[in-house]
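Presented below is the structure to which this report refers.
Each value in this text was obtained by applying a stated rule to the coordinates, not by laboratory testing. All values derive from a computational prediction rather than experimental measurement. Here the Cβ is made from the backbone with ideal geometry for all residues, glycine too, and neighbour counts use every protein chain on show.
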Amino acid sequence: SPGTSGPTGGQKGGAGGKGGKAAGGPRVITLMPGDGIGPEISMAVIKILEAAKAPLIFEPVDVTPVINSKGMNSVPEQVIESMNRTKVGLKGPLMTPVGTGFRSLNLTLRQLFNLYANIRPCRSLPGVETVYGDVDIVTIRENTEGEYSGIEHTLVNGVVQSIKLITRNASLRVAEYTFQYALAMKRKKVTAVAESNVMRMSDGLFLRCVREMAAKYKSKMDQAGIKYEESTMTTVCLNIVQDPKRYDMLVLPNLYGDIISDTCAGLIGGLGLTPSGNVGTNGAIFESVHGTAPDIAGKDLANPTALLLSSVMMLHYIGLHEHADKIEKAVLKTIRDDNIRTMDLGGKAKCSEYTDALIKNL
Ligand code: NAD
């Protein structure tokens, strides 16, 4: 069960009880610090988790790509071994190498651990001025296929083909996760989004699967007063920037979900604030939505809040709700009451200054 929501939309409950825990002892978490600003924000988050006395042991692993036996780049064996054991990872952003012959490591991780649902709660933080005020939208995106399945080839010189892969199994399981989340989190409405009039077969299949799951959960959803509707991607794009309050939860295929969740991030004040969880059958990885921010890397300017709120989602997932709530309150107090903000939120605080101020508020 996905559980209930904290003030910034963190995820409680979940299947986090399995793996990586010495009896009665601290929980072991695989830490992938990542590239660019990844190491700085990971260190800030660990400092805060330690100050909050969260009973965690971080097992750092290097995700620098290795070339596997098929000549493709892949994640190092150490990462796979650690994740298989701990079942829960906290991850900084990874640089995606540009050019042919490289696969996205993020994609590889999602596929390796079958992390089929990407959950991105976007909720306005009180005190961060935005155009619309209290936006609260959760996007759940299919995380393993669609246009991001990584199947691309050259047909003839000057003609390339990318496969958009949609399967019934993956669509049904992300749809089921969405309705379970909506019920557990006491949400108000689920909107299924696809371009099924144009991409009749692929988006058509996705939409039919969500509809099928909506029918399965109809009585529970009716009882809980949660509505279900369907819309096209183009309509959602228009509406979400004119009146984001008309949406509550969106379930989308992979690429659409990526685009809309970044749009939602913009509505609540930027990528520096947006957490995410990748949840699947073989474990879960929590990470910020933003990338490696090469323009500010190594300058102590990054905002660690998105990764910190991702760790809050992780704490809920493994059942450490009190620690999660404590950290979330400290984030609100630091940004709203003390007005200590990093540059991306219009403030002057360095990453380290913001981190120290937040620790004082724990
Ligand atoms: P980006 O998210 O790294 O940066 C976009 C803009 O937002 C930049 O101006 C950056 O300075 C700012 N920004 C991002 N995070 C911030 C933070 N925490 N605090 C303050 N400002 C922040 O996007 P990009 O430049 O398009 O991508 C850079 C690299 O990151 C690429 O290689 C891309 O593939 C990769 N990427 C990785 C992930 C991931 O690992 N999950 C996600 C997105 C992008």
**Request:** Tell me, please, whether a residue that is surrounded by fewer than 20 Cβ atoms within 10 Å (Cβ to Cβ) and among the hydrophobic types (A, V, I, L, M, F, W, C) can be found in the stretch 174-185.
**Result:** yes
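Considering only helices (runs of 4 or more DSSP H) fully contained in the stretch 254-362, which possess at least 3 residues that are under 21 Å from Gly92 (Cα atoms) and more than 15 Å from the ligand (Cβ to nearest atom)? Explain how you work it out, then say what you get.
Working: elements: 254-267, 305-317, 321-332, 351-360.
The helices (runs of 4 or more DSSP H) meeting that bar are 305-317, 321-332.
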**Request:** Considering every residue within the stretch 230-248, establish whether at least one is out of contact with any helix residue (DSSP H, G or I) (no Cβ under 8 Å at 6 or more places or on another chain), outside any helix (DSSP H, G or I), surrounded by fewer than 24 Cβ atoms within 10 Å (Cβ to Cβ) and of a type in the set (A, V, I, L, M).
**Result:** no
**Request:** Confirm whether Ala284 is surrounded by 14 or more Cβ atoms within 10 Å (Cβ to Cβ), among the small types (Gly, Ala, Ser) and in contact with a Cys (Cβ under 8 Å, 6 or more places away or on another chain).
**Result:** no
**Message:** Between Leu345, Leu358, which is buried (at least 20 other Cβ atoms within 10 Å of the Cβ), among the hydrophobic types (A, V, I, L, M, F, W, C) and in contact with a helix residue (DSSP H, G or I) (Cβ under 6 Å, 6 or more places away or on another chain)?
**Reply:** Leu358
**Message:** What's the total number of residues in the stretch 291-305 that are touching a helix residue (DSSP H, G or I) at 6+ places or on another chain (Cβ under 9 Å) and surrounded by fewer than 24 Cβ atoms within 10 Å (Cβ to Cβ)?
**Reply:** 9
**Filter result (assigned to a helix (DSSP H, G or I) and farther than 20 Å from Ala284 by Cβ) within the stretch 49-86** = Glu50, Ala51, Glu77
